[in-house]
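The values are calculated or read from the model by the stated rules, or taken from the named source; none is laboratory data. Worth saying up front: this structure is predicted, and the values here are computed from it rather than measured. Methodologically, a virtual Cβ is constructed for each residue, glycine included, from the backbone with ideal geometry; neighbour enumeration extends over all protein chains shown.
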Amino acid sequence: MRIGITCHHTFGGSGTVATELGMELARRGHEVHFITFEKPYRLQFDPNIYFHQVPVMHYPLFENTPASLSLAVKMHEVVCNDKLDILHVHYAIPHATAAYLVRQMCTRVRVPYVTTLHGTDITLVGNDPSYHTITKFSIEQSNAVTCVSQWLKDESIARFDIQRSIQVIHNPVDIDRFQRREPTCCGRERYAPNGEPILIHISNFRPVKRIDDIIHIFHGVRKQMPAKLLMVGDGPLRNPAQQLARDLGIDEDVTFLGTQDHVETLLSIADLCLLPSEYESFGLAALEANACEVPVIASHAGGLPEAVGHGETGYLCPMGDIESMTARALEILRDPVLHDRMGKAGAERARRLFAADQITAQYERLYEGLLNGDPGL
(Lines give C-alpha, C1' and ligand atoms only; values in the text may rest on other atoms or scores of the structure.)
Protein backbone atom coordinates (compact mmCIF):
# COMPACT_ATOMS: atom_id res chain seq x y z
CA MET A 1 0.00 0.00 0.00
CA ARG A 2 0.93 3.65 -0.48
CA ILE A 3 0.11 5.41 2.78
CA GLY A 4 0.18 9.10 3.57
CA ILE A 5 0.78 10.06 7.22
CA THR A 6 0.27 13.51 8.67
CA CYS A 7 1.17 14.33 12.26
CA HIS A 8 2.61 17.05 14.45
CA HIS A 9 6.38 16.95 14.03
CA THR A 10 7.25 18.22 17.50
CA PHE A 11 8.25 16.34 20.65
CA GLY A 12 5.06 14.68 21.92
CA GLY A 13 3.08 11.47 21.98
CA SER A 14 0.97 11.85 18.84
CA GLY A 15 3.92 12.64 16.57
CA THR A 16 6.02 9.90 18.17
CA VAL A 17 3.34 7.25 17.67
CA ALA A 18 2.67 8.33 14.09
CA THR A 19 6.36 8.27 13.22
CA GLU A 20 6.99 4.89 14.83
CA LEU A 21 3.96 3.47 13.03
CA GLY A 22 5.14 4.84 9.69
CA MET A 23 8.62 3.39 10.13
CA GLU A 24 7.19 -0.02 11.04
CA LEU A 25 4.88 0.08 7.99
CA ALA A 26 7.92 0.89 5.83
CA ARG A 27 9.83 -2.05 7.30
CA ARG A 28 6.89 -4.24 6.34
CA GLY A 29 7.21 -3.17 2.70
CA HIS A 30 4.64 -0.38 2.43
CA GLU A 31 5.44 2.95 0.77
CA VAL A 32 4.98 5.62 3.44
CA HIS A 33 4.74 9.35 2.74
CA PHE A 34 5.05 11.77 5.67
CA ILE A 35 3.30 15.07 4.90
CA THR A 36 4.19 17.52 7.67
CA PHE A 37 5.36 21.08 8.28
CA GLU A 38 8.77 19.87 9.48
CA LYS A 39 10.49 16.50 9.54
CA PRO A 40 9.18 14.50 12.53
CA TYR A 41 11.86 14.36 15.18
CA ARG A 42 11.98 10.53 15.40
CA LEU A 43 11.88 9.89 11.65
CA GLN A 44 14.80 7.78 10.43
CA PHE A 45 15.90 6.84 6.94
CA ASP A 46 14.25 3.95 5.15
CA PRO A 47 14.06 3.46 1.36
CA ASN A 48 10.29 3.10 1.66
CA ILE A 49 9.85 6.42 3.49
CA TYR A 50 9.31 9.77 1.74
CA PHE A 51 9.10 13.18 3.38
CA HIS A 52 7.03 16.02 1.92
CA GLN A 53 7.38 19.36 3.68
CA VAL A 54 4.32 21.62 3.71
CA PRO A 55 5.20 25.13 2.53
CA VAL A 56 3.59 28.02 4.37
CA MET A 57 2.99 31.28 2.51
CA HIS A 58 3.57 34.50 4.41
CA TYR A 59 1.56 37.44 3.10
CA PRO A 60 0.93 40.80 4.80
CA LEU A 61 -2.83 40.43 4.37
CA PHE A 62 -2.85 37.42 6.72
CA GLU A 63 -2.24 38.18 10.36
CA ASN A 64 -2.47 34.43 10.95
CA THR A 65 -1.26 32.32 8.04
CA PRO A 66 -3.91 29.76 6.94
CA ALA A 67 -1.58 26.81 7.45
CA SER A 68 -4.42 24.27 7.42
CA LEU A 69 -5.17 25.16 3.80
CA SER A 70 -1.50 24.84 2.88
CA LEU A 71 -1.53 21.40 4.49
CA ALA A 72 -4.62 20.32 2.53
CA VAL A 73 -3.09 21.50 -0.75
CA LYS A 74 0.15 19.61 -0.09
CA MET A 75 -1.71 16.46 0.95
CA HIS A 76 -3.76 16.63 -2.26
CA GLU A 77 -0.61 17.13 -4.31
CA VAL A 78 1.05 14.05 -2.80
CA VAL A 79 -2.12 11.96 -3.19
CA CYS A 80 -2.27 12.79 -6.89
CA ASN A 81 1.43 12.68 -7.75
CA ASP A 82 2.34 9.60 -5.72
CA LYS A 83 -0.98 7.79 -6.16
CA LEU A 84 -1.60 7.23 -2.48
CA ASP A 85 -4.13 4.59 -1.47
CA ILE A 86 -5.03 6.02 1.92
CA LEU A 87 -4.37 8.89 4.31
CA HIS A 88 -3.79 8.41 8.02
CA VAL A 89 -3.94 11.60 10.07
CA HIS A 90 -2.93 11.82 13.71
CA TYR A 91 -4.58 14.45 15.93
CA ALA A 92 -7.96 15.78 14.93
CA ILE A 93 -7.13 19.48 14.49
CA PRO A 94 -6.17 20.50 11.88
CA HIS A 95 -5.20 17.23 10.26
CA ALA A 96 -8.59 15.51 10.03
CA THR A 97 -10.12 18.69 8.63
CA ALA A 98 -7.38 18.94 5.99
CA ALA A 99 -7.91 15.27 5.07
CA TYR A 100 -11.63 15.89 4.62
CA LEU A 101 -10.84 18.73 2.19
CA VAL A 102 -8.44 16.47 0.30
CA ARG A 103 -11.09 13.79 -0.06
CA GLN A 104 -13.52 16.38 -1.45
CA MET A 105 -10.89 17.64 -3.90
CA CYS A 106 -10.11 14.14 -5.19
CA THR A 107 -13.02 13.92 -7.62
CA ARG A 108 -11.49 11.21 -9.83
CA VAL A 109 -10.11 8.84 -7.20
CA ARG A 110 -11.38 7.52 -3.88
CA VAL A 111 -8.92 8.29 -1.09
CA PRO A 112 -10.25 7.34 2.36
CA TYR A 113 -8.77 8.78 5.50
CA VAL A 114 -8.23 7.36 8.98
CA THR A 115 -8.21 9.71 11.96
CA THR A 116 -6.38 8.67 15.12
CA LEU A 117 -7.28 10.64 18.22
CA HIS A 118 -4.48 11.05 20.72
CA GLY A 119 -5.68 13.05 23.71
CA THR A 120 -5.44 16.83 23.89
CA ASP A 121 -7.05 17.07 20.45
CA ILE A 122 -10.17 15.86 22.31
CA THR A 123 -9.75 17.10 25.87
CA LEU A 124 -8.19 20.51 25.21
CA VAL A 125 -7.89 21.85 21.65
CA GLY A 126 -10.90 20.25 19.99
CA ASN A 127 -13.07 20.80 23.04
CA ASP A 128 -12.53 24.56 22.92
CA PRO A 129 -15.79 26.23 21.79
CA SER A 130 -14.04 27.79 18.80
CA TYR A 131 -13.06 24.36 17.45
CA HIS A 132 -15.71 22.00 18.88
CA THR A 133 -18.03 21.95 15.86
CA ILE A 134 -15.32 21.46 13.24
CA THR A 135 -13.63 18.80 15.36
CA LYS A 136 -16.86 16.83 15.70
CA PHE A 137 -17.55 17.18 11.96
CA SER A 138 -14.05 16.09 10.91
CA ILE A 139 -14.17 13.04 13.18
CA GLU A 140 -17.58 11.95 12.01
CA GLN A 141 -16.65 12.42 8.34
CA SER A 142 -13.57 10.19 8.70
CA ASN A 143 -13.73 6.85 6.94
CA ALA A 144 -12.42 5.25 10.13
CA VAL A 145 -11.55 6.56 13.59
CA THR A 146 -9.21 5.06 16.16
CA CYS A 147 -8.30 6.04 19.72
CA VAL A 148 -5.15 5.10 21.62
CA SER A 149 -7.06 3.95 24.73
CA GLN A 150 -10.51 2.92 25.87
CA TRP A 151 -10.52 5.92 28.20
CA LEU A 152 -9.97 8.30 25.28
CA LYS A 153 -12.69 6.57 23.26
CA ASP A 154 -15.15 7.10 26.09
CA GLU A 155 -14.08 10.74 26.45
CA SER A 156 -14.42 11.36 22.70
CA ILE A 157 -17.92 9.94 22.56
CA ALA A 158 -19.01 11.88 25.65
CA ARG A 159 -17.49 15.25 24.73
CA PHE A 160 -18.57 15.26 21.08
CA ASP A 161 -21.63 13.02 21.13
CA ILE A 162 -20.01 10.83 18.48
CA GLN A 163 -22.49 8.48 16.82
CA ARG A 164 -20.07 6.53 14.64
CA SER A 165 -17.87 3.56 15.50
CA ILE A 166 -14.43 4.11 17.04
CA GLN A 167 -11.80 1.38 17.30
CA VAL A 168 -9.29 1.26 20.15
CA ILE A 169 -5.75 0.56 18.96
CA HIS A 170 -3.22 1.13 21.71
CA ASN A 171 0.08 2.87 21.19
CA PRO A 172 2.90 0.59 20.01
CA VAL A 173 6.43 0.23 21.29
CA ASP A 174 9.43 -0.89 19.25
CA ILE A 175 10.68 -3.66 21.50
CA ASP A 176 13.86 -4.06 19.44
CA ARG A 177 14.75 -0.47 20.20
CA PHE A 178 13.27 -0.16 23.68
CA GLN A 179 14.98 -2.89 25.65
CA ARG A 180 17.35 -2.93 28.57
CA ARG A 181 20.99 -2.50 27.63
CA GLU A 182 24.06 -2.77 29.79
CA PRO A 183 24.09 0.43 31.92
CA THR A 184 27.87 0.74 31.74
CA CYS A 185 27.61 1.03 27.96
CA CYS A 186 25.12 3.89 28.28
CA GLY A 187 27.17 6.22 30.51
CA ARG A 188 25.38 5.63 33.81
CA GLU A 189 28.41 6.67 35.84
CA ARG A 190 28.25 10.16 34.32
CA TYR A 191 24.97 10.87 36.08
CA ALA A 192 25.36 8.65 39.14
CA PRO A 193 29.10 8.39 39.82
CA ASN A 194 28.58 6.72 43.20
CA GLY A 195 26.00 4.20 42.01
CA GLU A 196 22.96 6.20 43.19
CA PRO A 197 19.56 5.09 41.84
CA ILE A 198 18.41 7.17 38.91
CA LEU A 199 14.84 8.39 38.52
CA ILE A 200 13.66 9.69 35.14
CA HIS A 201 10.86 11.74 33.65
CA ILE A 202 10.26 12.24 29.91
CA SER A 203 7.70 14.69 28.55
CA ASN A 204 7.04 18.02 26.84
CA PHE A 205 6.86 19.81 30.21
CA ARG A 206 3.28 21.05 29.86
CA PRO A 207 1.01 21.74 32.86
CA VAL A 208 -0.85 18.45 32.41
CA LYS A 209 2.40 16.63 33.25
CA ARG A 210 2.46 18.15 36.77
CA ILE A 211 6.17 18.88 36.59
CA ASP A 212 6.29 20.38 40.10
CA ASP A 213 5.00 17.08 41.49
CA ILE A 214 7.98 15.29 39.98
CA ILE A 215 10.42 17.64 41.71
CA HIS A 216 8.58 17.26 45.02
CA ILE A 217 8.46 13.45 44.74
CA PHE A 218 12.18 13.37 44.07
CA HIS A 219 12.76 15.75 46.97
CA GLY A 220 10.95 13.28 49.23
CA VAL A 221 13.05 10.40 47.92
CA ARG A 222 16.23 12.41 48.27
CA LYS A 223 15.49 13.05 51.97
CA GLN A 224 15.58 9.28 52.56
CA MET A 225 18.40 8.12 50.28
CA PRO A 226 20.98 9.33 47.76
CA ALA A 227 19.45 9.54 44.29
CA LYS A 228 19.60 11.37 40.96
CA LEU A 229 16.83 12.64 38.69
CA LEU A 230 16.99 13.01 34.89
CA MET A 231 14.44 15.40 33.37
CA VAL A 232 14.20 14.69 29.64
CA GLY A 233 12.33 17.01 27.29
CA ASP A 234 11.50 20.67 27.06
CA GLY A 235 8.54 22.98 27.35
CA PRO A 236 7.01 25.91 29.21
CA LEU A 237 7.53 24.46 32.70
CA ARG A 238 11.21 23.63 32.39
CA ASN A 239 12.51 26.90 33.85
CA PRO A 240 10.05 26.92 36.78
CA ALA A 241 11.03 23.31 37.56
CA GLN A 242 14.71 24.23 37.57
CA GLN A 243 13.97 27.08 39.96
CA LEU A 244 11.96 24.78 42.24
CA ALA A 245 14.87 22.33 42.37
CA ARG A 246 17.16 25.19 43.40
CA ASP A 247 14.69 26.39 46.02
CA LEU A 248 14.52 22.88 47.52
CA GLY A 249 18.30 22.54 47.51
CA ILE A 250 18.36 19.47 45.22
CA ASP A 251 19.47 21.12 41.97
CA GLU A 252 22.85 19.38 42.04
CA ASP A 253 21.03 16.03 41.91
CA VAL A 254 18.65 17.00 39.08
CA THR A 255 19.86 17.12 35.47
CA PHE A 256 17.72 18.75 32.77
CA LEU A 257 18.75 17.17 29.47
CA GLY A 258 16.35 18.85 27.06
CA THR A 259 14.87 16.99 24.10
CA GLN A 260 16.77 13.77 23.32
CA ASP A 261 16.53 11.53 20.26
CA HIS A 262 17.70 8.31 21.91
CA VAL A 263 15.64 8.08 25.08
CA GLU A 264 16.05 4.30 25.09
CA THR A 265 19.69 4.82 26.09
CA LEU A 266 18.66 6.98 29.03
CA LEU A 267 15.97 4.51 30.06
CA SER A 268 18.62 1.78 30.16
CA ILE A 269 20.42 3.60 32.98
CA ALA A 270 17.24 4.50 34.89
CA ASP A 271 15.80 2.67 37.88
CA LEU A 272 12.38 4.29 38.11
CA CYS A 273 10.15 6.39 35.86
CA LEU A 274 7.89 9.13 37.28
CA LEU A 275 4.71 10.09 35.43
CA PRO A 276 2.36 11.86 37.88
CA SER A 277 0.29 13.48 35.11
CA GLU A 278 -3.12 15.04 35.58
CA TYR A 279 -4.09 12.49 32.94
CA GLU A 280 -2.59 10.75 29.92
CA SER A 281 -4.56 9.54 26.93
CA PHE A 282 -2.47 6.37 27.19
CA GLY A 283 1.03 6.97 28.55
CA LEU A 284 3.61 6.14 25.88
CA ALA A 285 6.48 7.23 28.13
CA ALA A 286 5.36 4.69 30.73
CA LEU A 287 5.17 1.94 28.11
CA GLU A 288 8.65 2.69 26.77
CA ALA A 289 10.02 2.72 30.31
CA ASN A 290 8.42 -0.65 31.08
CA ALA A 291 9.83 -2.08 27.85
CA CYS A 292 13.28 -1.10 29.15
CA GLU A 293 12.59 -2.89 32.46
CA VAL A 294 12.02 0.37 34.34
CA PRO A 295 9.13 0.30 36.85
CA VAL A 296 6.75 3.26 36.71
CA ILE A 297 5.09 5.43 39.35
CA ALA A 298 2.11 7.12 37.70
CA SER A 299 -1.25 8.72 38.39
CA HIS A 300 -4.36 6.57 38.35
CA ALA A 301 -5.85 8.84 35.70
CA GLY A 302 -6.86 8.79 32.05
CA GLY A 303 -5.49 5.90 30.05
CA LEU A 304 -2.55 5.21 32.37
CA PRO A 305 -4.22 2.12 33.95
CA GLU A 306 -4.19 0.61 30.44
CA ALA A 307 -0.45 1.20 30.08
CA VAL A 308 0.79 0.40 33.61
CA GLY A 309 -0.09 -2.80 35.43
CA HIS A 310 -0.66 -1.69 39.04
CA GLY A 311 1.42 -3.81 41.38
CA GLU A 312 2.83 -5.66 38.36
CA THR A 313 4.92 -3.18 36.34
CA GLY A 314 4.77 -0.26 38.78
CA TYR A 315 2.25 1.56 40.95
CA LEU A 316 -0.69 3.83 40.21
CA CYS A 317 -1.48 6.47 42.84
CA PRO A 318 -4.18 9.12 43.16
CA MET A 319 -3.35 12.13 41.01
CA GLY A 320 -1.60 14.81 43.07
CA ASP A 321 -0.84 12.48 45.99
CA ILE A 322 2.86 13.28 46.30
CA GLU A 323 3.18 11.48 49.62
CA SER A 324 1.87 8.19 48.24
CA MET A 325 4.00 8.42 45.11
CA THR A 326 7.09 9.14 47.19
CA ALA A 327 6.37 6.16 49.45
CA ARG A 328 5.84 3.85 46.48
CA ALA A 329 9.04 5.08 44.83
CA LEU A 330 11.03 4.37 47.98
CA GLU A 331 9.41 0.94 48.28
CA ILE A 332 10.63 -0.05 44.82
CA LEU A 333 14.07 1.52 45.13
CA ARG A 334 14.75 -0.14 48.49
CA ASP A 335 13.69 -3.64 47.42
CA PRO A 336 15.94 -5.09 44.69
CA VAL A 337 13.78 -8.21 44.35
CA LEU A 338 10.61 -6.18 43.83
CA HIS A 339 12.41 -3.84 41.44
CA ASP A 340 13.71 -6.74 39.36
CA ARG A 341 10.32 -8.47 39.30
CA MET A 342 8.50 -5.34 38.17
CA GLY A 343 11.15 -4.56 35.57
CA LYS A 344 10.96 -8.03 34.02
CA ALA A 345 7.16 -7.99 34.14
CA GLY A 346 7.08 -4.61 32.39
CA ALA A 347 9.23 -5.80 29.52
CA GLU A 348 7.19 -8.99 29.15
CA ARG A 349 3.88 -7.10 29.20
CA ALA A 350 5.11 -4.60 26.62
CA ARG A 351 6.20 -7.43 24.35
CA ARG A 352 2.96 -9.37 24.81
CA LEU A 353 0.42 -6.56 24.43
CA PHE A 354 2.02 -3.58 22.72
CA ALA A 355 4.79 -4.77 20.38
CA ALA A 356 4.94 -2.60 17.26
CA ASP A 357 4.45 -5.50 14.86
CA GLN A 358 1.19 -6.48 16.58
CA ILE A 359 -0.19 -2.95 16.66
CA THR A 360 0.88 -2.27 13.06
CA ALA A 361 -0.92 -5.42 11.93
CA GLN A 362 -4.13 -4.00 13.40
CA TYR A 363 -3.71 -0.84 11.34
CA GLU A 364 -2.95 -2.88 8.22
CA ARG A 365 -6.23 -4.76 8.66
CA LEU A 366 -8.02 -1.45 9.13
CA TYR A 367 -6.52 -0.01 5.92
CA GLU A 368 -7.34 -3.15 3.96
CA GLY A 369 -10.91 -3.08 5.19
CA LEU A 370 -11.32 0.52 4.05
CA LEU A 371 -9.82 -0.14 0.65
CA ASN A 372 -12.11 -3.14 0.24
CA GLY A 373 -15.13 -1.05 1.16
CA ASP A 374 -15.83 -2.61 4.55
CA PRO A 375 -19.18 -1.05 5.60
CA GLY A 376 -18.60 -1.87 9.26
CA LEU A 377 -15.94 0.80 9.71
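Check region 210-217 and report whether any residue there is under 30 Å from residue 363 (Cβ atoms), among the basic types (Lys, Arg) and crowded, with 20+ Cβ neighbours inside 10 Å. Looking for residues that are under 30 Å from residue 363 (Cβ atoms), among the basic types (Lys, Arg) and crowded, with 20+ Cβ neighbours inside 10 Å, one finds none in region 210-217, hence no. For region 346-357, a residue qualifies if it is assigned to a helix (DSSP H, G or I) and either out of contact with any Pro (no Cβ under 9 Å at 6 or more places or on another chain) or surrounded by 15 or more Cβ atoms within 10 Å (Cβ to Cβ) (or both), and the qualifying residues are 346, 347, 348, 349, 350, 351, 352, 353, 356. Restricting 122, 86 to residues that are more than 20 Å from residue 55 (Cβ to Cβ), touching a Pro at 6+ places or on another chain (Cβ under 7 Å) and surrounded by 22 or more Cβ atoms within 10 Å (Cβ to Cβ) narrows the list to 86.
Inside region 114-154, can you point out the residues that are of a type in the set (A, V, I, L, M), closer than 21 Å to residue 206 by Cα and in a helix (DSSP H, G or I)? Result: 122, 124, 125, 152. Applying the criterion of at least 1 residues that are more than 21 Å from residue 363 (Cα to Cα) and over 22 Å from the mean Cα position of the chain (by Cα) to the helices (runs of 4 or more DSSP H) found wholly in region 1-113 leaves 67-82, 97-105. Residue 338 falls short of the stated requirement of being at negative phi, in contact with a Ser or Thr (Cβ under 9 Å, 6 or more places away or on another chain), of a type in the set (A, V, I, L, M) and in the same structural domain as residue 206 (by TED's automatic domain parsing). Just one of the listed residues (138, 149, 142) is under 21 Å from the mean Cα position of the chain (by Cα), crowded, with 24+ Cβ neighbours inside 10 Å and not hydrophobic (A, V, I, L, M, F, W, C), namely 149.
Quick one: is residue 284 of a type in the set (A, V, I, L, M), crowded, with 24+ Cβ neighbours inside 10 Å and at pLDDT below 95? Walk me through how you get there before you give the answer.
Values: of a type in the set (A, V, I, L, M): yes; crowded, with 24+ Cβ neighbours inside 10 Å: yes; at pLDDT below 95: yes.
Yes; evaluated as a whole, the condition is true for this residue.
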